[in-house]
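The values are calculated or read from the model by the stated rules, or taken from the named source; none is laboratory data. Remember, it's a predicted structure, so these values are computed and weren't measured experimentally. All Cβ positions, glycine included, derive from the backbone under ideal geometry; neighbour counts span all protein chains shown. All accessible areas refer to the heavy atoms of the entire protein, side chains included, with ligands and DNA or RNA removed. Shrake-Rupley method; radii C 1.70, N 1.55, O 1.52, S 1.80 Å.
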Amino acid sequence: MARVSQEHLDARRRQILDGAARCFARNGFHATSMQDVLGEVGLSAGAVYRYFRGKEELIAAIAAEAFAGIRSAFEDASRSTPPPTPDVLLGSVLRLFLDKRIEGADRQAYARLILQVWSETLRDEHLYATLSEGYRAMREVWSTLVDAYRANGLMAADVPADRVARTLIATAQGFIAQQALFGDVEVEVLEDGLRGLMSMETQSPS
């Protein structure tokens with residue numbers, strides 16, 4: 001029997017993940033059965049279960065992939081000197097994140113999928129562990145960026161880096177939530193809003 005190449009295995013795994021993500025985005029996680037996924041990807045049960053044992057593993061893989069991609073983008077940005085300001089950085093990463101969405105699903109569908117992943121963490125311990133690790137890693141990356149801002153004289157040092165990191169992550173999460181719920185939010189809105197907030201000057205009390 002001819003050996004199956006790693007390239008073929010990776011492509012098949014990608015096909016399954018994209019098909020499952022389309023089903024989850026379209027019908028919701030709980031309303032989607034593994035039979036729905038099989039029909040979407042056009043593969044046999046054996047072919048799919050070779051990679052994933054069920055919906056929980058599929059959704060965990062989708063979540064882990066999303067975190068890995070976002071973290072990589074932020075880590076790349078942190079190596080720039082000086083690093084891009086939060087409005088530019090969040091805008092570019094969110095634009096990349098949403099534009100690399102699953103094939104066959106629009107931005108709103110993809111954002112809704114992300115919200116479903118978040119809500120599923122309330123009942124799935126394994127998914128909670130995956131997202132907790134992703135969140136911890138994102139806080140570390142953003143804290144490193146805050147240190148880089150300070151080293152380049154772009155940010156004062158009077159607020160702990162982790163608190164700034166949590167706030168910026170919350171901003172990105174809020175944008176994704178708006179995209180999921182209303183579907184009419186462009187990344188430029190976030191960029192302009194952050195730019196406006198960043199332009200405020202703190203006045204000393206008289």
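Observations on the model:
- Residues located in region 165-186, provided they are part of a helix (DSSP H, G or I), open to solvent by less than 50 Å² (accessible area, probe 1.4 Å) and over 17 Å from THR85 (Cα atoms): GLY174, PHE175, ILE176, ALA177, GLN179, ALA180
- ARG26 vs. criteria open to solvent by 60 Å² or more (accessible area, probe 1.4 Å) and charged (D, E, K, R): yes
Yes/no matrix, rows are residues, columns are (1) closer than 19 Å to PHE175 by Cα; (2) surrounded by fewer than 17 Cβ atoms within 10 Å (Cβ to Cβ); (3) touching a Gly at 6+ places or on another chain (Cβ under 8 Å):
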residue: ALA11; (1), (2), (3): no, yes, no
residue: HIS30; (1), (2), (3): no, yes, no
residue: PRO83; (1), (2), (3): no, no, no
residue: LEU90; (1), (2), (3): yes, no, no
residue: TYR110; (1), (2), (3): yes, no, no
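- Only a single criterion out of (1) touching a helix residue (DSSP H, G or I) at 6+ places or on another chain (Cβ under 6 Å); (2) crowded, with 19+ Cβ neighbours inside 10 Å is not satisfied by GLY134, namely (2).
- Conditions (1) surrounded by 13 or more Cβ atoms within 10 Å (Cβ to Cβ); (2) at pLDDT 85 or above; (3) within 20 Å of the chain's Cα centre (by Cα); (4) outside any helix (DSSP H, G or I); number of the one not met by VAL189: (4)
- There is at least one residue in region 148-164 that is open to solvent by 50 Å² or more (accessible area, probe 1.4 Å), in contact (Cβ under 8 Å) with a residue 40 or more places away in the chain and under 18 Å from ALA77 (Cα atoms).
- Residues of region 147-164 that turn out to be modelled with pLDDT under 90, in a helix (DSSP H, G or I) and either within 15 Å of the chain's Cα centre (by Cα) or within 17 Å of LEU90 (Cβ to Cβ) (or both), as a count: 2
- Region 78-98 residues that are within 14 Å of TYR149 (Cβ to Cβ), paired with ones that are in a loop (DSSP other than H, G, I, E, B) (beta carbon under 9 Å, 6 or more apart): THR81/ASN152; PRO82/ASN152; PRO82/GLY153; PRO82/LEU154; PRO83/ASN152; PRO83/LEU154; THR85/LEU154; LEU89/PRO83
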